[in-house]
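Below you'll find the structure, written out as structure tokens, and then a few comments.
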Amino acid sequence: LWDGDTIHKRVIDKDFLHRHQRLHVFPFPSYAPEINPQEFVWTKAKCALSNGAPKDIAELGRRLRGSIHRVRGSQRLLRSCIHAADLPWP
């Protein structure tokens with residue numbers, strides 16, 4: 001997801017794309033959460049954290065990592081994030 005952030009303009013990224021020419025990059029608008037599947041992943045992860053009251057930062061970290069791993073480990077959830085994005089899919 002290349003949304004124009006400075007992290008996507010690093011030399012290491014440009015070198016990687018040059019070495020892997022089968023990859024094609026299409027720029028996203030700078031802020032367009034409705035077409036960014038990553039935003040839906042974060043929404044699903046944050047939903048699992050809502051209405052919680054971790055006792056400390058360590059517990060919050062564990063809950064966040066567990067929530068992200070749950071989404072990462074589910075093809076169904078990831079596919080739903082892709083389809084929720086308002087992108088043209090075949």
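The values are calculated or read from the model by the stated rules, or taken from the named source; none is laboratory data. Fair warning: this is a prediction, and the values are worked out from it, not measured in the lab. Glycine also receives a Cβ, built like all others from the backbone with ideal geometry; neighbour counts cover every protein chain displayed. Heavy atoms of the whole protein, side chains included, go into the accessibility calculation; ligands, DNA and RNA do not. Shrake-Rupley method; radii C 1.70, N 1.55, O 1.52, S 1.80 Å.
Structural remarks
- Pair list, Cβ under 6 Å, 6 or more apart: the stretch 26-46 residue more than 15 Å from HIS8 (Cα to Cα), other residue of a type in the set (Asp, Glu) and open to solvent by 60 Å² or more (accessible area, probe 1.4 Å): PRO33/GLU39; GLU34/ASP86; ILE35/ASP86
- Taken over the stretch 12-47, the criterion of being aliphatic (A, V, I, L, M) and more than 20 Å from HIS83 (Cβ to Cβ) is satisfied by ILE12, LEU17, LEU23, VAL25.
- Residue match in the stretch 2-12 (condition: modelled with pLDDT of 80 or more and within 14 Å of the chain's Cα centre (by Cα)): no
- Any hit, the stretch 70-84, residues being polar (S, T, N, Q), at pLDDT 85 or above, assigned to a helix (DSSP H, G or I) and within 11 Å of the chain's Cα centre (by Cα): no
- Matching residues in the stretch 48-64 - criterion: being hydrophobic (A, V, I, L, M, F, W, C) and within 20 Å of LEU77 (Cβ to Cβ): ALA48, LEU49, LEU64
- Filter result for LEU23 (at pLDDT 85 or above, open to solvent by less than 80 Å² (accessible area, probe 1.4 Å) and within 15 Å of TRP2 (Cα to Cα)): yes
- Taking the numbered list (1) surrounded by 10 or more Cβ atoms within 10 Å (Cβ to Cβ); (2) in a loop (DSSP other than H, G, I, E, B) in turn, ASN51 passes all entries but (1).
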